[in-house]
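The structure appears right after this line, and notes come after that.
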Amino acid sequence: MITELLAGNLSEVEEAVRTAAAVEILPRWRQLAAHEIAEKSGPHDLVTVADRGAEEHLTASLTALLPGSVVVGEEAVAADPSSYEALHGDAPVWIVDPVDGTRQFVQGEPGFCTLVALAHRGELLASWTYAAALDEMAVAVRGRGARLNGEVLHAGSPAPGAVLEIAHSHPDYTTPEQKRSLLSLQSAEGVAARPCGSAGLEYLAVARGNVDAVAFNWELAWDHAAGLLLVEEAGGAHLTLTGEPFRITGGNTLPFTAARDAATARRVAVILSAGAID
């Protein structure tokens, strides 16, 4: 069934993502009432009725498209952490972040997206990144490239000698060692580092060559799966501090980076590694 799905044009998956956003997300954008927003782990970790509704919608539609598949979704895992273990199972897994960039969504900004990836036994096979407010749909299929609104994506390489633009996760929400590692980007020569927004949209920016690299210190699959495949299929690369590619099943040495090309990924990983041991 996976082969049959990937052999097609995948339009049904794209339609499922667009429909979930049209039904559950966009009608609530800039229309949220206070009681429709809640905190999970803290004030920087929000959830809304749109997150929950979109994930439920996607869970139903995606599993119907691929019988026998399961969903690892951010909100379902928050309710039942054991459901995350499906990433290690034999069933095909849809990895879903219904609203990536919930803070931006709550503030009425357009910088949010819906992330869906299909994986099997730890390998990413396809992904969808949909910025509903911007009407941008990026699709990647392993071995078949990446496209944004139907146009081929090429991450390219930074110009020789150019300052690298790197978006990174907030250094305060991590271990002291990882904080030193991320802060090393701020002082590295030839680097312009800034805090990241929606992880999914930062990955898209790398895939389209608008940002040179990202660096993150957490490994929750729904934040990274779609973007990692998108960057790979656009010609980019990703590395952890051990010099290995990031694994969506976990156990990575953090922080890690994804970049427009392999050379840039290695350069950023060296900076992060040096910062970790300073």
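Restricting to segment 105-120, and then to whatever is at negative phi and of a type in the set (Gly, Ala, Ser), can you tell me which residue is surrounded by the fewest Cβ atoms within 10 Å (Cβ to Cβ)? Across segment 105-120, the extreme among qualifying residues is GLY111. Applying a threshold of 7 Å to beta carbon distances and a minimum spacing of six or more residues, or different chains, the list of pairs starting in segment 175-192 at a residue that is without any contact (Cβ under 8 Å) to a residue 60 or more places away in the chain and ending at one that is crowded, with 17+ Cβ neighbours inside 10 Å and assigned to a loop (DSSP other than H, G, I, E, B) reads LYS179/PRO171. Looking at GLU15, GLU56, GLU4, just one residue is surrounded by 16 or more Cβ atoms within 10 Å (Cβ to Cβ) and over 22 Å from ILE248 (Cβ atoms), and that residue is GLU56. Among the residues of segment 197-221 satisfying the criterion of being without any contact (Cβ under 8 Å) to a residue 40 or more places away in the chain and open to solvent by less than 30 Å² (accessible area, probe 1.4 Å), which is farthest from PHE112 (Cα to Cα)? So, considering only residues that are without any contact (Cβ under 8 Å) to a residue 40 or more places away in the chain and open to solvent by less than 30 Å² (accessible area, probe 1.4 Å), the one farthest from PHE112 (Cα to Cα) is ALA205. Which ones in segment 24-37 are without any contact (Cβ under 8 Å) to a residue 40 or more places away in the chain and surrounded by 13 or more Cβ atoms within 10 Å (Cβ to Cβ)? The answer is ARG28, GLU36. Against the test of being within 21 Å of the chain's Cα centre (by Cα) and not hydroxyl-bearing (Ser, Thr, Tyr), the options GLY8, GLY73 yield a single qualifying residue, GLY73. Among the residues that make up segment 173-186, is at least one of them surrounded by fewer than 22 Cβ atoms within 10 Å (Cβ to Cβ) and either aromatic (Phe, Trp, Tyr) or modelled with pLDDT of 95 or more (or both)? Yes. Within segment 121-164, the residues that satisfy the criterion of being open to solvent by 70 Å² or more (accessible area, probe 1.4 Å) and more than 14 Å from GLY235 (Cβ to Cβ) are ARG121, GLU123, LEU134, ASP135, ASN149, GLU151, PRO160, GLY161, VAL163.
Residues of segment 252-269 that are modelled with pLDDT under 95 and out of contact with any strand residue (DSSP E or B) (no Cβ under 9 Å at 6 or more places or on another chain): THR253 alone. Among the residues of segment 217-233, not a single one is within 19 Å of GLY143 (Cβ to Cβ) and assigned to a strand (DSSP E or B).
Cβ-Cβ contacts under 7 Å between residues 6 or more apart (or on different chains), taken from a first residue in segment 247-264 that is farther than 16 Å from GLY236 by Cα to a second residue that is part of a strand (DSSP E or B), are listed as ILE248/ALA119; ILE248/LEU124; PRO255/ALA215; PRO255/PHE216.
The values are calculated or read from the model by the stated rules, or taken from the named source; none is laboratory data. A quick note: this is a predicted structure, and the numbers were derived from the prediction, not measured. Note that we place each Cβ from the backbone using ideal geometry, even for glycine, and neighbour counts take in every protein chain shown. Just the protein is used for accessible areas: all its heavy atoms, side chains included, with ligands, DNA and RNA removed. Shrake-Rupley method; radii C 1.70, N 1.55, O 1.52, S 1.80 Å.
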